[in-house]
Amino acid sequence: MRDGAPPASRKRRAPVAGQALRLELDRAPEAPPLYRQIRDGVRAAVLSGMLSPGTRLPPEREMAAMLGVNRTTTMRAYQELVADGVVEARPGRGTVVCRPPRQDGAPSGLYDRSAWPGGTQASWLLELPALGRGNLGPDPTLLRDISALSGRRDLISFAAGSPAPDLIPLAALQQAVARGLERMGAMGLAYGPVEGLDALRLALAERLAQRGVAVAPDEILILSGATQGLALAAHALVEPGDEIVVEAPTYVGMLQTFSVAGARLIGVPVDEHGLRVDLLPPILTRRRVRLILVQPTLHNPTGVTLSPARRERLLSLARRFGVPILEDEIYADLWNDGAAPPPLKALDRDGLVLHLSSCSKTVAPGLRVGWLAASAPVVARLALAKQFSDLNTTNLGQLTLAEFLGSGDYDRHLARLRFAYAERRALMLDGLRAAERYLQVTPGAPGGFYLWCRLLGGSHARLLSTAAVREGVAVLAGEAFYPPGLGQDGRDHIRLSFSGTTPPEIVTGLSRLRSALERLPGSLDAAERADHRLRPVV
């Protein structure tokens with residue numbers, strides 16, 4: 001049992017977010033009735049594994065507000081789901097997904113093999129457990145949904161954590177590709193070493209040395225993006241059932257990756273100085289923690305940075321208890337106020353820190369090149385796991401990045417990038433002053449992509465994210481950034497990204513967001529309580 005967590009018999013699972021159901025209602029005159037669309041959407045989510053047995057659906061009134069329909073519509077949809085045996089209404093728990101029957105004579109509806117499109121061809125899916133054993137959080141499709149929203153031309157996205165297309169150094173990358181292919185020839189399009197190209201590993205070792213990290217090229221593993229580094233660590237360094245410490249909140253992909261691998265997540269709060277390291281000793285004393293995951297610099301989603309004193313204390317605890325640390329420093333090069341704090345790996349004298357980063361936030365996510373620096377035995381183990389994953393990272397992306405780094409173009413690009421993001425961050429902070437009656441903002445450290453905001457009107461973040469899309473702007477509700485089982489679960493927070501939008505889009509998007517805020521329940525009360533000042537809050 002987690003420290004401070006209720007017994008498992010009394011723990012209530014939070015309702016799944018409406019966005020996780022991927023419900024997009026067709027309101028055309030010839031479309032099926034809305035209640036049937038809702039019913040079929042829930043059934044599809046159960047069949048796909050998005051909703052596991054025991055998952056609570058949003059209350060009827062909340063689902064109606066999310067979808068912009070009458071409560072009677074959601075009531076009828078839920079009634080039909082109950083009648084079909086897909087869900088059941090449990091006193092005190094709400095509407096809960098049922099466990100599929102395994103015997104013949106199942107009720108009609110979802111579990112009737114002849115009633116579902118595809119018939120017996122898809123029925124074997126019903127025998128499988130939900131992906132991630134049902135522990136992927138309230139928004140299991142969130143990362144996919146963010147990409148889909150970013151592709152909508154009618155929508156301004158403050159949800160995507162990706163570089164702005166207008167800031168990708170296209171001309172310089174084209175030149176780097178040409179130089180790399182001229183040097184490598186056809187081998188630039190062939191298979192490469194599992195560990196990565198020697199030229200890129202050497203270039204990265206030299207750059208890490210500039211930040212105080214002394215690693216040899218063979219202590220660097222090239223990855224197909226930083227996400228692969230998380231996945232390799234989750235499967236090669238952690239066994240199912242192992243306990244790992246994660247920040248609360250933290251990057252949703254980190255939570256989902258380790259949950260899918262069967263790890264048990266222990267959430268430790270984050271405040272304005274980063275991870276609450278003072279809360280770690282009793283956890284490390286009582287529990288058998290296998291790994292600590294931390295984003296020490298320009299944290300996602302809060303934007304805060306771990307203080308120097310806490311960095312030293314964290315390393316001391318890791319050394320005392322023999323627990324390795326995986327630091328995700330993917331945003332560190334976007335620090336725009338002098339030199340960024342040294343990575344934990346620069347302070348590591350015991351080989352306990354694994355340093356993870358990528359070019360996805362600074363150059364172009366489509367290159368799919370990341371890297372992990374660690375002791376040689378760790379790199380060897382992860383490389384073995386990698387060869388069963390994708391065999392090797394694309395040579396074309398690697399040679400492009402190696403040329404880009406070696407030419408000096410990367411440093412010139414970073415200077416331009418930091419200036420542009422500082423401008424957009426300041427513009428968003430200034431624009432949010434018009435919404436300070438509804439939001440409190442965590443400014444965070446100077447750099448990164450994000451602002452973390454608390455709703456003054458209460459726990460309506462999911463309602464706001466739905467209402468905002470109807471206004472033409474996308475934001476992320478904070479609940480998805482928390483591991484399960486914590487009292488503070490982000491339902492009153494949203495994350496705003498300023499990275500992927502131009503300055504004019506930021507101005508327009510904030511105007512649309514304010515319109516959505518004004519329609520939230522309790523907004524008038526929040527406006528009366530606000531003191532008309534931006535105050536740092538985590």
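Output yes when any residue across the stretch 38-58 is part of a loop (DSSP other than H, G, I, E, B), at pLDDT 70 or above, outside the structural domain of Ala159 (by TED's automatic domain parsing) and touching a Ser or Thr at 6+ places or on another chain (Cβ under 8 Å), and no when none is.
Within the stretch 38-58, one or more residues are part of a loop (DSSP other than H, G, I, E, B), at pLDDT 70 or above, outside the structural domain of Ala159 (by TED's automatic domain parsing) and touching a Ser or Thr at 6+ places or on another chain (Cβ under 8 Å).
Where residues in the stretch 399-416 are under 20 Å from Ile220 (Cβ atoms) and buried (at least 18 other Cβ atoms within 10 Å of the Cβ), which of them is farthest from the chain's Cα centre (by Cα)?
Ranking the qualifying residues of the stretch 399-416, first place goes to Glu403.
Any residue at all in the stretch 301-311 that is crowded, with 20+ Cβ neighbours inside 10 Å, under 23 Å from Ala236 (Cα atoms) and free of Cβ contacts under 8 Å to residues at least 60 places away in the same chain?
no
Where in the stretch 210-272 are the strands (runs of 3 or more DSSP E), entirely inside, with at least 1 residues that are within 26 Å of Val363 (Cβ to Cβ)? Let's see the steps before the verdict.
Details: elements: 220-223, 243-248, 264-271.
Strands (runs of 3 or more DSSP E) meeting the threshold: 220-223, 243-248.
Looking for whichever is touching an Asp or Glu at 6+ places or on another chain (Cβ under 7 Å) and either in contact (Cβ under 8 Å) with a residue 40 or more places away in the chain or closer than 20 Å to His273 by Cα (or both) here; the options are Leu476, Leu414, Leu427, Leu510. Which one fits?
Numbers: Leu476 fails: touching an Asp or Glu at 6+ places or on another chain (Cβ under 7 Å); Leu427 fails: touching an Asp or Glu at 6+ places or on another chain (Cβ under 7 Å); Leu510 fails: touching an Asp or Glu at 6+ places or on another chain (Cβ under 7 Å).
Criteria check complete, one pass: Leu414.
Can you run down the residue pairs with Cβ atoms below 7 Å, 6 or more apart or on separate chains, where the first is in the stretch 434-449 and on the phi > 0 side of the Ramachandran plot and in contact (Cβ under 8 Å) with a residue 60 or more places away in the chain and the partner is crowded, with 20+ Cβ neighbours inside 10 Å and among the charged types (D, E, K, R)?
From residues that are on the phi > 0 side of the Ramachandran plot and in contact (Cβ under 8 Å) with a residue 60 or more places away in the chain, there are no pairs.
Within the set of pairs 6+ apart or on separate chains, which have a first residue in the stretch 68-89 that is without any contact (Cβ under 8 Å) to a residue 12 or more places away in the chain, a second that is in a loop (DSSP other than H, G, I, E, B), and C-beta atoms under 8 Å apart?
Glu88/Cys98
Could you please find all residues in the stretch 446-455 being surrounded by fewer than 24 Cβ atoms within 10 Å (Cβ to Cβ) and not in a strand (DSSP E or B)?
Residues satisfying the conditions are Pro446, Gly447.
So is Glu219 among the acidic types (Asp, Glu) and out of contact with any helix residue (DSSP H, G or I) (no Cβ under 7 Å at 6 or more places or on another chain) or not?
Working: among the acidic types (Asp, Glu): yes; out of contact with any helix residue (DSSP H, G or I) (no Cβ under 7 Å at 6 or more places or on another chain): no.
The answer is no for Glu219.
Within the stretch 193-204, is even one residue of a type outside the set (Ser, Thr, Tyr) and at positive phi? Walk me through how you get there before you give the answer.
Applying the first criterion (of a type outside the set (Ser, Thr, Tyr)) to the stretch 193-204 yields 193-204.
Filter once more, keeping what is at positive phi: 196.
Yes, some residue in the stretch 193-204 is of a type outside the set (Ser, Thr, Tyr) and at positive phi.
Conditions tested, residue by residue: (1) buried (at least 22 other Cβ atoms within 10 Å of the Cβ); (2) of a type outside the set (A, V, I, L, M, F, W, C); (3) modelled with pLDDT of 95 or more.
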{"site": "Val252", "(1), (2), (3)": "yes, no, no"}
{"site": "Gly262", "(1), (2), (3)": "no, yes, no"}
{"site": "Val270", "(1), (2), (3)": "yes, no, yes"}
{"site": "Asp278", "(1), (2), (3)": "no, yes, yes"}
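Count, please, the residues in the stretch 158-203 that happen to be under 23 Å from Ala385 (Cα atoms) and either touching a strand residue (DSSP E or B) at 6+ places or on another chain (Cβ under 8 Å) or in the same structural domain as Ile494 (by TED's automatic domain parsing) (or both). Lay out the reasoning, then the answer.
Our first condition is that a residue be under 23 Å from Ala385 (Cα atoms); within the stretch 158-203, this holds for 189-202.
The next check asks that each one be either touching a strand residue (DSSP E or B) at 6+ places or on another chain (Cβ under 8 Å) or in the same structural domain as Ile494 (by TED's automatic domain parsing) (or both); those that pass are 195-197, 200-201.
Residues flagged as under 23 Å from Ala385 (Cα atoms) and either touching a strand residue (DSSP E or B) at 6+ places or on another chain (Cβ under 8 Å) or in the same structural domain as Ile494 (by TED's automatic domain parsing) (or both) within the stretch 158-203 amount to 5.
The values are calculated or read from the model by the stated rules, or taken from the named source; none is laboratory data. Just so it is clear, the structure is predicted and the values come from calculations on it, not from any experiment. Heads up, the Cβs are rebuilt from the backbone with ideal geometry, glycines too, and the neighbour counts pull from every protein chain shown.
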